[in-house]
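Computed from the coordinates by the stated procedures, all read-outs in this text should not be read as laboratory data. Because the structure is predicted, anything quoted here is derived from the model rather than measured. All Cβ positions, even for glycine, are placed from backbone atoms using ideal geometry, and neighbour counts span all protein chains on display.
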Amino acid sequence: MLPHQLFIYNSLTRSKDLFEPLVPGFVGLYVCGPTVYGAPHLGHARPYITFDILQRYLHHLGYKVRYVRNITDVGHLENDADEGEDKIAKKARLEQLEPMEVVELYTQQFHEAMRALNNQPPGIEPRASGHIIEQIEMIRAIMANGWAYESNGSVYFDVPGYSKKHDYGKLSGRIVEDLIAGAGNERRELEGQDEKRNPADFALWKKASPEHIMRWPSPWSNGFPGWHIECSAMSTKYLGETFDIHGGGMDLLFPHHESEIAQSKGACGKAPVRYWMHNNMITINGQKMGKSLGNFINLEQFFNGSHPLLSQAYSPMTIRFFMLQAHYRSPLDFSNEGLQAAEKGFARLLNANKTLAQLKAGPSSTSDIAGVEQGFYAAMSDDLNTAIALSHLFEAARIINSVHAGTETISAADLDNLRRFFPLFLFNLLGMREEQAADNGALDGLMQMLLRMRADAKAKKDFATSDRIRDELGALGIRIKDEKDGTTSWLKD
Ligand code: ZN
């Protein structure tokens, strides 16, 4: 297989399809971003690492990539069926903040977590609240085509009407007749449902109740957009009516992505996306992650080991490496054992990279270096199979250690090649980086002093001070790790 022939699994066709961009040399990539109402957690790490790997690999293959990832700061209600409070407005009410203070706080935390995980930022990061006009325009176009109706100041997408001409449910495999019949929909009695002509219909615009703070004028009411319309409006604005790749977690297939397709077709008659990619979900010790289950671990807690389910702190690169050890379409179960194995595995590759600098060439190679390189490309081009790609790097590490130990030899040409591609693959394409504890200079002396002060504060149960030391250091890019044996170490990003 040639490296430039990239195959990706397309959720729409349910097959691995050869990737061919709309415009040669260019790729338009849209990924659903976070709803910024809480601390970034593991569920954020997986999609954004997956699509970071995709854009790094596309770039390596020579494409110019326009990567758009939004920030959802309005319109995402507590419940996917257009009910409940806006997630951000609710958090603002509970914390006695302005909704936009909530948005700023968690957007910054999200960016910090993404930097720690070494995800490259998207080229454009549009916010839903900054694109109300575009969303209103799109809703008007859908209404003009007859696929949406106004009801009491709100606007709903007419799923039964649309389904007479277009597929609704194709992406997610839902049967539209079941949706229209309201099968499994126990929430019909709830507020707002009587505005809909059919339980399958979804909100494009919602009239704001008097207590709702986040509201904008529109032709229909003072209100706010539905959750799905922002992604359709912003992807169309920055990538065009049809673009190459749309990514997100599998949990977004329905209703979010299904509705995005309907909205785009409803507005301009064209399917918006050629390749739909979805990463699988994460479980923790075999259980679904959820706030009510007590296993909801945010990323900062992983980085400093402060959650009771964690037996130690895990660095951002350990989390990243752990994720790369599974294919993005496989479910992934987090456990302390798995993370500890990932930590060791990454250390082995880093050590091999250091040993590589000291190797001396021999007359010939006893192992197939070109095969390792080709194997890595073949795995990455096979729907980004990072698990297999890493196995080739482990094979390279084995060869490096054997040559170093004198049980194998390597030719000068192969050694040059290995020195070129091993760090390229590990650091540039897989996005790993070295995380080193700083050396024992003045900084370490200061840090030890701060860590003693923090330990004293903790001993006196002055958790406000101990947390403040940890958080302020965190803002400086210094992470504190509480180890299992009671000692504390620290790392600089
Ligand atoms: Zn989206």
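Which of Ala387, Ser365, Thr355 sits closest to the plus end of the dipole of the stretch 323-409, meaning its Cα is farthest towards the positive end, when Lys and Arg get +1 and Asp and Glu get -1 on the C-beta?
Thr355
If you average 1/r across every pair of different Cα atoms in the stretch 1-135 and take the reciprocal, what Kirkwood value do you get, in Å?
Evaluated over the stretch 1-135, this radius sits at 16.8 Å.
Relative contact order of the chain, please, whole-number percent, based on alpha carbon pairs below 8 angstrom and at least 6 residues apart.
16
Just need the relative contact order of the stretch 303-436 here, percent rounded to a whole number, with Cα pairs under 8 Å and 6+ apart.
Values: 142 pairs, mean separation 38.1, N = 134.
Relative contact order comes out at 28 percent.
Label the stretch 7-279 by shape, choosing from rounded, prolate and oblate, from the square roots a ≥ b ≥ c of the eigenvalues of the Cα gyration tensor; if a/c is under 1.5 it is rounded, and otherwise prolate applies when a/b is larger than b/c, oblate when it is not.
It comes out oblate by the Cα gyration axes.
If you take all C-alpha pairs in the stretch 303-436, what percent of them are over 21 Å apart? Don't jump to the answer; show the numbers that get you there.
Details: 3906 of 8911 pairs.
Taking all Cα-Cα pairs of the stretch 303-436, the fraction more than 21 Å apart is 44 percent.
Regarding the stretch 268-323, what's the average projected area of the Cα-atom convex hull, expressed in nm²?
Over all viewing directions, the stretch 268-323 projects a mean Cα-hull area of 6.4 nm².
DSSP H helices in the chain with Cα extent of 24 Å or more along the helix axis and mean Kyte-Doolittle hydropathy at least 0.5?
TM-like helix candidates: 386-405.
Assign one of three labels to the stretch 235-383, namely rounded, prolate or oblate, based on the Cα gyration tensor with a ≥ b ≥ c the square roots of its eigenvalues; rounded applies when a/c is under 1.5, prolate when it is not and a/b is larger than b/c, and oblate otherwise.
Oblate shape, in that a/c is at least 1.5 and b/c is the bigger or equal ratio.
Please compute the volume of the convex hull spanned by the alpha-carbon atoms of the stretch 440-492 and report it per residue in Å³.
71
Per 0.36 nm of contour for each residue apart, how much would the distance between Asp368 and Ala405 grow if the chain were fully extended, relative to their Cα-Cα spacing? Don't skip to the answer; put the middle values down first.
Details: separation 37, 0.36 × 37 = 13.32 nm, distance 1.76 nm.
Computed gain between Asp368 and Ala405 is 11.6 nm.
Give the distance, in whole Å, between the Cα centre of the stretch 242-263 and the Cα centre of the stretch 126-144.
17
Which aspartates and glutamates have a Cα lying under 16 Å from the Cα of Lys87, excluding residues fewer than 8 positions away in the same chain?
Asp73, Glu78, Glu95, Glu98, Glu101, Glu104, Glu211, Glu230
Using 1/(1 + (r/R0)^6) with R0 = 35 angstrom and r between the beta carbons of Thr242 and Asn285, what's the FRET efficiency to the nearest 0.05? Before the final figure, lay out the partial values.
On the way: r = 42 Å, r/R0 = 1.21.
E between Thr242 and Asn285, to the nearest 0.05, is 0.25.
Rounded to the nearest 0.05, what FRET efficiency do Phe7 and Ala464 give with R0 = 56 Å and r taken as the Cβ-Cβ distance? Could you check?
Once the sixth-power term is evaluated, E becomes 0.60.
In whole percent, what relative contact order does the stretch 440-492 give with Cα contacts below 8 Å and a gap of six or more residues?
This gives 22 percent for the stretch 440-492.
Please compute the net charge surrounding Ile410, taking Lys and Arg as +1 and Asp and Glu as -1 over other residues with Cβ under 15 Å from its Cβ.
-2
Which net charge results for the neighbourhood of Ser154, defined as the other residues with beta-carbon distances under 10 angstrom from its beta-carbon, given Lys and Arg at +1 and Asp and Glu at -1?
0
For the pairs Lys64/Lys354; Lys288/Lys344; Lys64/Lys270, note any where the Cα-Cα span goes beyond 29 Å.
Lys64/Lys354
Could you give the spread of the C-alpha atoms of the chain along their three principal axes, from largest to smallest, in whole angstroms?
On the principal axes, the chain reaches 78, 63, 35 Å in Cα extent.
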